[in-house]
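Below is one structure; the comments refer to it alone.
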Ligand SMILES: Cc1cc2nc3c(=O)[nH]c(=O)nc-3n(C[C@H](O)[C@H](O)[C@H](O)COP(=O)(O)OP(=O)(O)OC[C@H]3O[C@@H](n4cnc5c(N)ncnc54)[C@H](O)[C@@H]3O)c2cc1C
C-alpha cells in the first residue's frame, strides 16, 4: 500500500504552530483511497486572539447557556494556521518524511495561493476540547472571581475549574485545573 500525506488544520487550541502528528487508516474514504495508510500533521493556534462568550440565555436556571465560540474571528488566527499548514508542507518535504509520501491529499492546491489557503483554514479548522476562561479570575471588578476564587458579589461561593483561568494556556488543561482545585481546598481550609 502506498503511504500518502494529509495536512489538516483540525483544531484550535494553543501558541503559534504546535504541530501534532497522528497515523490513521481511512475509514470514510474521503479522498478515494480507502484502505491506504495515511498520516496527518495539524497545526494548532496555541494562543488564539479570537475570543468567544458564554452567556445566560434567560433567567430560568434550567435554560441552556448560550455558547458563542467566535472561532477564527481574528484574521491573525487564520494567518497563524495558514503559516502552520505551509510549515507542515515544508516538513513533509524533508528527507525523513518525503520517502513515505506518495502525494498530499489535502489541501490539494498550490499553497502559495494565500486566499485559497485562508478559505481552506476557515472551512476545515475545528475546535479542540480545551474550553477555559469563561469565568475569569482577576483583581479588577470586571473579573468574575477574585484571586481566592470567590465570586464577586455572592457570599460563600467559589469557582474552582478551568473557567477561572484569566488567559488561555498553551498547554493542556487537566494539570492546571487540578492545581486550581488544590489551591481552592487550601483557601477554604484557611478560612474555616
Ligand atoms: C475529549 C477531551 C479530551 C481531553 N484531553 C485532555 C488531555 O489529554 N490532557 C489534558 O490536560 N486535558 C484534556 N482535556 C481537557 C480537560 O479534561 C478539561 O480541561 C478539564 O477536565 C476541565 O476541568 P473542569 O473541572 O473545568 O471541568 P470538568 O472536568 O468538565 O468538570 C465539570 C464537572 O462538573 C460536573 N457537573 C456539571 N454540571 C453539574 C451540575 N449541575 N451539578 C453538579 N455537577 C455538575 C460534571 O459532571 C463534571 O464532573 C480533554 C477534554 C476533553 C473534552
*Cα-Cα pairs above 20 Å in the stretch 130-192: how many percent?*
22 percent
*Taking a label point 7 Å from the Cα of residue 157 along the Cα→Cβ vector, which residues of the stretch 55-69 have an amide N closer than 18 Å to it?*
55-66
*asked:* At 7 Å along Cα-to-Cβ for each site, give me the label-to-label distance between residue 118 and residue 167 in nm.
replied: 2.7 nm
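Using 0.36 nm per residue of separation minus the Cα-Cα distance, give me the extension gain between residue 99 and residue 126 in nm, one decimal.
Extra length from residue 99 to residue 126 when fully extended: 6.8 nm.
For the stretch 88-192, what ratio Rg/Rh do Cα atoms give with a Kirkwood hydrodynamic radius? Present the calculation step by step, with values, prior to reporting the outcome.
Working: Rg = 22.2 Å, Rh = 17.6 Å.
Answer for the stretch 88-192: 1.26.
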_Can you compute the modelled spin-label distance between residue 148 and residue 62, with each label point 7 Å from Cα toward Cβ, in nm?_
3.7 nm
*Can you work out the PRE-style zone for residue 55? Point 7 Å along Cα to Cβ, and I want the residues of the stretch 127-158 with backbone N under 16 Å.*
134-135
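Laboratory data are not the source of any read-out in this text; all were calculated from the coordinates shown. Worth saying up front: this structure is predicted, and the values here are computed from it rather than measured. So basically every Cβ, Gly included, is an ideal-geometry build from the backbone, and we count neighbours across all protein chains shown.
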